[in-house]
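Here is the structure we will look at, set down as structure tokens.
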Amino acid sequence: MGGNWRKSVRLLIAIGFLACGLFAAATVRAQDTTTSSEEIDWFEWNGLFTECAGNCGVAGFGGGYIETLGLDLLGEFGDLPLIDWDWGDGGLLAVSGSKRIATVAEVLVLEPEIGIAKRFGNMHEWEFWTALWFRWTWFPWNKYVITTFGYSIGLNYATGISNEEKFLSGNGEGNELLHYLSSEFTMALPEYPEWELLFRFHHRSGAYRFKVLRPISRAIFNSTYGGAHYMTMGVRKRF
């Protein structure tokens, strides 16, 4: 009971910090653009099936397979440095399409995405995914380098379960369908905002490590802890 109470408190604190961050960033951004905080557009809906008008994007990216277990990579809050990761012999090439459908407080963008990837080297399966990205877009240095950082939630389907994924699964079986839990960092020049250099941690997760998500993991992901993950980089074109 005490553990659940502490988790609830931590969740409320996190929500509070997010709300304060949204307000503070939106206010600073409004001041930067010579408008007042009262004029902030707190929710802007662009729509999924409307004209792109700069909100659509097509990306191509690729990178190397990471042998380090997902739990070791994440630790409590990502405490294993990149230089200590173990890299495998495989890789991944991917393309994706996305559209920014909504903006919260002018700083947080909601962006659905679909993608396809081909593994090579130690694994040869195809991957297909659909996801929703939550992308933070305001940073104080954006007038020099436009920067975003985002996390995704979604579903990723692989056409087979490789031996590597069985090892990473935590149950010796794995599953074709897993959660697409990825993070991405992008940069663009203000003169060419439509061209983004992206760095993505491409990760399939069964979410079984998190107790609150275990009922979902049992029902959908075969109680799998994790799947294959890759560190990738590439380019996105907005249009």
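A few comments on the model shown:
- Residues of region 122-145 classified as outside any loop (DSSP other than H, G, I, E, B) and within 18 Å of the chain's Cα centre (by Cα), total: 10
- Scanning region 101-121 for residues that are part of a strand (DSSP E or B) and under 20 Å from residue 204 (Cβ atoms) yields 111, 112, 113, 114, 115, 116, 117, 118, 119, 120.
- Scanning region 151-172 for residues that are part of a strand (DSSP E or B) and in contact (Cβ under 8 Å) with a residue 40 or more places away in the chain, we see that the one that is farthest from residue 195 (Cα to Cα) is 158.
- Each residue in region 146-176 was checked for being within 21 Å of the chain's Cα centre (by Cα), surrounded by fewer than 17 Cβ atoms within 10 Å (Cβ to Cβ) and of a type in the set (A, V, I, L, M, F, W, C), and 3 of them qualify.
- If the condition is being closer than 16 Å to residue 239 by Cβ and of a type outside the set (Val, Ile, Thr), then region 50-66 contributes 51, 52, 53, 54, 55, 56, 57, 59, 60.
- Within region 177-190, tally of residues that are crowded, with 21+ Cβ neighbours inside 10 Å and part of a loop (DSSP other than H, G, I, E, B): 2
- Members of region 192-239 found to be surrounded by fewer than 19 Cβ atoms within 10 Å (Cβ to Cβ) and in a helix (DSSP H, G or I), listed by number: 211, 212, 213, 214, 215, 216, 218, 219, 220
- On inspection, residue 220 passes the criterion of being more than 15 Å from the chain's Cα centre (by Cα), of a type in the set (A, V, I, L, M) and assigned by TED's automatic domain parsing to the domain that holds residue 111.
- From the list 95, 104, 9, the lone residue that is out of contact with any Pro (no Cβ under 7 Å at 6 or more places or on another chain), at pLDDT below 90 and of a type in the set (Val, Ile, Thr) is 9.
- Test for residue 88: is it of a type in the set (Gly, Ala, Ser), assigned to a strand (DSSP E or B), more than 17 Å from the chain's Cα centre (by Cα) and modelled with pLDDT under 90: yes
- Of the residues making up region 111-135, those that are hydrophobic (A, V, I, L, M, F, W, C) and touching a residue at least 60 places away in the same chain (Cβ under 8 Å) are 117, 123.
The values are calculated or read from the model by the stated rules, or taken from the named source; none is laboratory data. If you're wondering where the values come from, they're calculated on a predicted model, not measured in any experiment. Using ideal geometry, Cβ is built from the backbone for each residue, glycine included, and neighbour counts are taken over all protein chains shown.
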